[in-house]
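Here is the structure we will look at.
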Amino acid sequence: MFDLKLGVNIDHVATIRQARYKSQEKAEPDVLFFADEAVRGGADSITAHLREDRRHIQDQDIVTLKDNLNVPLNLEMANVQEIVDFAIKIRPKFICLVPEKRNELTTEGGIDAVTHEEKLTKSITLLKEAGIKVSLFIDPDTNQILSSVNCGADIVELHTGTYANAVNDGDINIEIQRLVKASERAHENGVQVNAGHGITTANLDRLFEVPFLSELNVGHHLIARSLEIGLRKTVSKFKSKMKQYSN
C-alpha cells in the first residue's frame, strides 16, 4: 500500500512566457519559480516536455530544473537523436518518450511501440545505460504493453486522453475497462504503471478504478486552475483528492 504520486507538468508556464519573450533573460513567468510552487503544494515530480520545435520549454529550462529541483525531473521527449543525446548529457531521473507532431496542439495519443520497437529499444538501452529510468507514453492496449516490455521500458504511462474526452457513460466505461486491463497486464510483466493526459478534478474519481497506478501526470488543468487560486494551493487540493486512491 502506497500513496499515489503526482507529477506536475509545467509546459504551459513556458507557453505563456514564450508568447511574449524570445529570450529567457528577465522573461516571465519564471518556470523554476512555478515548479517550486508545485513542489511546495505536494508535487512528487516535475514534468517538462522539450519539443523539437521548442514551442514552450527550452533547453536551458531543463538544465535549470535539473540543477535546482529537490524532486525528480521527468523529461518528456520524442525519440529523436538530438534530444536523446541532450538527455544523456543532462541525465534527469526519468524520461518519458512520447510521439510528436509539429501541427498538434498537444500530444494526441500514445507512441506506437509495436511499429517502432527496434528504434525504441536502441534509445531506451542508451538512456538506461546513462542511469535514467525510461517510460513510454502509450495507449491502453495489450500489444502496446507487450512491446513496451520488449523495448526494456521501466515504466508505461497510460494515455488517458480518450477516457477524458468521453462524454457518455457507455464510452467512459469502455475506456476505464481498457485502462484496467492495460494496467493489469503491465503489472503482470513487472512494469510500473503511470497515467496521464486530460486528467482533471472532474474525471479523477473514475480513474481510481484502475489498479496498480503509481503516478498521475497532470498539467493543463492544474495550470488553468492556478490562475484562480495559485499553483501551490491548486496542487495541494488535487493531491488531497488523490489520497482517496486505494491500490
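The values are calculated or read from the model by the stated rules, or taken from the named source; none is laboratory data. Note that this is a predicted model, so its numbers are computed, not measured. With ideal geometry, Cβ positions are generated from the backbone for all residues, glycine too; neighbour counts draw on all protein chains shown.
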Practice problem: Would you mind stating whether Ala78 is crowded, with 16+ Cβ neighbours inside 10 Å and either touching a helix residue (DSSP H, G or I) at 6+ places or on another chain (Cβ under 7 Å) or touching a residue at least 40 places away in the same chain (Cβ under 8 Å) (or both)? | Solution: no
Exercise. Just give me the residues in segment 18-50 being within 15 Å of Ile62 (Cβ to Cβ) and at pLDDT below 95, in sequence order.
Key: Gln18, Gln24
Self-check item: Only listed residue being surrounded by 14 or more Cβ atoms within 10 Å (Cβ to Cβ), polar (S, T, N, Q) and within 22 Å of Thr47 (Cβ to Cβ), chosen from Ser236, Ser240
Solution: Ser236
Quiz item: Given Asp59, Asp44, Asp53, Asp67, which one is within 20 Å of Lys133 (Cβ to Cβ), surrounded by fewer than 16 Cβ atoms within 10 Å (Cβ to Cβ) and either touching a residue at least 24 places away in the same chain (Cβ under 8 Å) or not hydroxyl-bearing (Ser, Thr, Tyr) (or both)?
Solution: Asp67
Quiz item: Val167 is checked against (1) modelled with pLDDT under 95; (2) hydrophobic (A, V, I, L, M, F, W, C); (3) closer than 23 Å to Val31 by Cα and fails just one. What number does that condition carry?
Solution: (3)
Quiz item: How about segment 190-232: which of its residues are touching a residue at least 24 places away in the same chain (Cβ under 8 Å), small (Gly, Ala, Ser), within 20 Å of Gly41 (Cβ to Cβ) and assigned to a loop (DSSP other than H, G, I, E, B)?
Solution: Gly219, Gly230
Self-check item: Of all residues making up segment 47-62, the number that are over 16 Å from Asp36 (Cβ atoms), within 18 Å of the chain's Cα centre (by Cα) and not in a loop (DSSP other than H, G, I, E, B)
Solution: 2
Exercise. Go through Val180, Val167, Val235 for me and flag whichever is more than 30 Å from Leu126 (Cα to Cα) and part of a loop (DSSP other than H, G, I, E, B).
Key: Val167
Quiz item: Can you find even one residue in segment 101-109 that is surrounded by 22 or more Cβ atoms within 10 Å (Cβ to Cβ) and touching a residue at least 12 places away in the same chain (Cβ under 8 Å)?
Solution: no
